Amino acid sequence: YTILSKVHSDRNVYPSAGVLFVHVLEREYFKGEFPPYPKPGEISNDPITFNTNLMGYPDRPGWLRYIQRTPYSDGVLYGSPTVENVGKPTIIEITAYNRRTFETARHNLIINIMSAEALPYQAEFFIRNMNVEEMLASEVLGDFLGAVKNVWQPERLNAINITSALDRGGRVPLPINDMKEGVYVMVGADVPFSSCLREVENPQNQLRCSQEMEPVITCDKKFRTQFHIDWCKISLVDNTKQVSTFQEVIRGEGILPDGGEYKPPSDTLKSRDYYSDFLITLAVPSAIALVLFLILAYIMCCRREGVEKRNMQTPDIQLVHHSAIQKSTKELRDMSKNREIAWPLSTLPVFHPVTGEIVPPLHTDSYDNTSMPLMQTQQNLPHQTQIPQQQSAGQY
């Protein structure tokens with residue numbers, strides 16, 4: 001059901017349209033084209049990577065994908081050819097890079113796509129415990145197709161396409177418990193879907209899927225031994241019931257009449273004078289703004305009454321009261337500048353620490369205390385009582 005081939009120089013392959021195509025790029029083949037390992041007798045295990053592109057273009061065709069996990073694993077070209085490319089040879093340039101010696105080797109792969117009858121019934125499965133390169137192996141893919149054939153019982157069964165879950169918007173799995181990224185496998189058959197595959201469409205299973213629960217599928221045990229299928233993500237497509245979406249347009253209300261062929265304007269356009277537009281756009285608003293500015297300046301500057309006129313209209317008794325208040329305020333401010341500031345209570349000792357007697361202030365009222373610190377240290381306190389120190393026994 002799949003076309004598996006090993007890489008050779010200018011190799012011709014003949015895949016069928018709508019059938020999965022797999023081409024393996026083996027590292028062992030390219031090792032012979034690179035210089036030998038420097039130490040004789042040792043096995044060469046150089047890291048080799050591949051670059052694939054359509055001849056004359058920087059990338060591959062849209063239907064063809066490429067994957068290589070590490071430089072020490074084989075590369076794989078895979079995809080499902082389309083009907084549009086039938087009969088047109090597709091030349092893929094394969095360039096191998098030796099990451100130790102930086103040597104390169106180039107080969108051409110000529111893909112001749114053949115026409116094939118499309119299968120009307122297609123089913124897409126999501127396998128959670130597989131990566132795409134594991135599923136592309138012939139043994140694993142053959143086991144999966146065998147399980148599908150036992151469930152479906154078709155006369156013809158083809159693998160149509162394989163897609164990684166990362167290409168469908170899936171997340172990279174955590175590197176714990178050997179988690180896999182998942183892979184979508186689409187298969188096609190020539191008979192309608194079996195009752196087992198239709199069980200996922202039951203209302204009970206649909207409800208369980210909406211609640212993120214496993215649906216009850218009777219044929220799941222035939223896959224469970226090797227493949228863990230997410231039955232909530234299965235897709236069943238019946239191309240025999242696909243109705244054409246093209247509908248003839250019936251003209252009526254809401255549809256504009258046909259205006260005929262579009263006729264662009266002539267290349268010989270007449271020149272236009274924008275001077276009048278400039279005057280209307282800039283000159284007129286500027287003139288209006290200037291007039292308003294002059295009116296506002298006249299009101300603010302030329303119409304002021306002044307302090308003398310205000311005093312003339314003010315009663316004399318009110319002016320006398322105002323002058324007296326200003327004079328009294330000035331005298332109070334002068335007196336407040338000359339008065340002495342008392343010490344804060346927090347800096348004055350209240351009582352003697354030993355006798356308990358009230359201690360008088362440290363300074364008189366006439367003492368200049370502007371240069372004194374707010375808090376005094378113990379050395380500055382004359383009334384501090386010194387506690388006798390304990391003497392050693394040798395002094396008695």
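Of the candidates 134, 84, 93, the single residue that is assigned to a helix (DSSP H, G or I) and open to solvent by less than 70 Å² (accessible area, probe 1.4 Å) is 134.
Once segment 27-59 is narrowed to residues that are open to solvent by less than 50 Å² (accessible area, probe 1.4 Å) and not in a strand (DSSP E or B), the residue that is modelled with the highest pLDDT is 47. If you check 235, 210, 266, 194 for being of a type in the set (Gly, Ala, Ser), at pLDDT below 80 and either outside the structural domain of residue 135 (by the TED database) or open to solvent by less than 90 Å² (accessible area, probe 1.4 Å) (or both), only one passes: 266. In the set 188, 146, which member is at pLDDT 90 or above, assigned by the TED database to the domain that holds residue 228 and out of contact with any strand residue (DSSP E or B) (no Cβ under 6 Å at 6 or more places or on another chain)? Just a single option satisfies the conditions, and that option is 146. Counting just the residues of segment 1-26 that are of a type in the set (D, E, K, R) and out of contact with any Phe, Trp or Tyr (no Cβ under 8 Å at 6 or more places or on another chain), which one comes out modelled with the lowest pLDDT? Of everything passing the filter in segment 1-26, 10 is modelled with the lowest pLDDT. The single condition from (1) open to solvent by 10 Å² or more (accessible area, probe 1.4 Å); (2) outside any loop (DSSP other than H, G, I, E, B) that residue 159 fails is (1). Condition test on residue 64, is it under 39 Å from the mean Cα position of the chain (by Cα), at pLDDT below 90 and under 22 Å from residue 183 (Cα atoms)? No, not satisfied. In segment 115-122, the count of residues that are at pLDDT 90 or above, farther than 24 Å from residue 25 by Cβ, assigned to a strand (DSSP E or B) and within 38 Å of the chain's Cα centre (by Cα) is one or more.
Among the numbered conditions (1) without any contact (Cβ under 8 Å) to a residue 40 or more places away in the chain; (2) part of a loop (DSSP other than H, G, I, E, B); (3) closer than 24 Å to residue 240 by Cα, the only one that residue 192 does not meet is (1). Being surrounded by fewer than 13 Cβ atoms within 10 Å (Cβ to Cβ) and in the same structural domain as residue 51 (by the TED database) is the requirement here; does residue 100 meet it? So residue 100 fails the test.
Scanning segment 200-230 for residues that are among the polar types (S, T, N, Q) and not in a loop (DSSP other than H, G, I, E, B) yields a count of 5. Please work out if residue 273 is at pLDDT below 90, surrounded by 10 or more Cβ atoms within 10 Å (Cβ to Cβ) and of a type in the set (Asp, Glu). When the stated conditions are applied, residue 273 does not pass them.
Among the residues of segment 162-189, just one is open to solvent by 70 Å² or more (accessible area, probe 1.4 Å) and in contact with a helix residue (DSSP H, G or I) (Cβ under 8 Å, 6 or more places away or on another chain), namely 172.
Suppose we filter segment 307-334 for residues that are assigned to a helix (DSSP H, G or I) and open to solvent by 100 Å² or more (accessible area, probe 1.4 Å); how many remain?
Qualifying residue count, segment 307-334: 15.
Annotation: of all residues in segment 143-153 being in a helix (DSSP H, G or I) and free of Cβ contacts under 8 Å to residues at least 60 places away in the same chain, the one that is surrounded by the most Cβ atoms within 10 Å (Cβ to Cβ) is 148.
The values are calculated or read from the model by the stated rules, or taken from the named source; none is laboratory data. A quick note: this is a predicted structure, and the numbers were derived from the prediction, not measured. Positions of Cβ are generated from backbone atoms using ideal geometry, with glycine treated the same way; all protein chains shown enter the neighbour counts. Note: accessible area is taken over every heavy atom of the protein model, side chains too, but ligands, DNA and RNA are not part of it. Shrake-Rupley method; radii C 1.70, N 1.55, O 1.52, S 1.80 Å.
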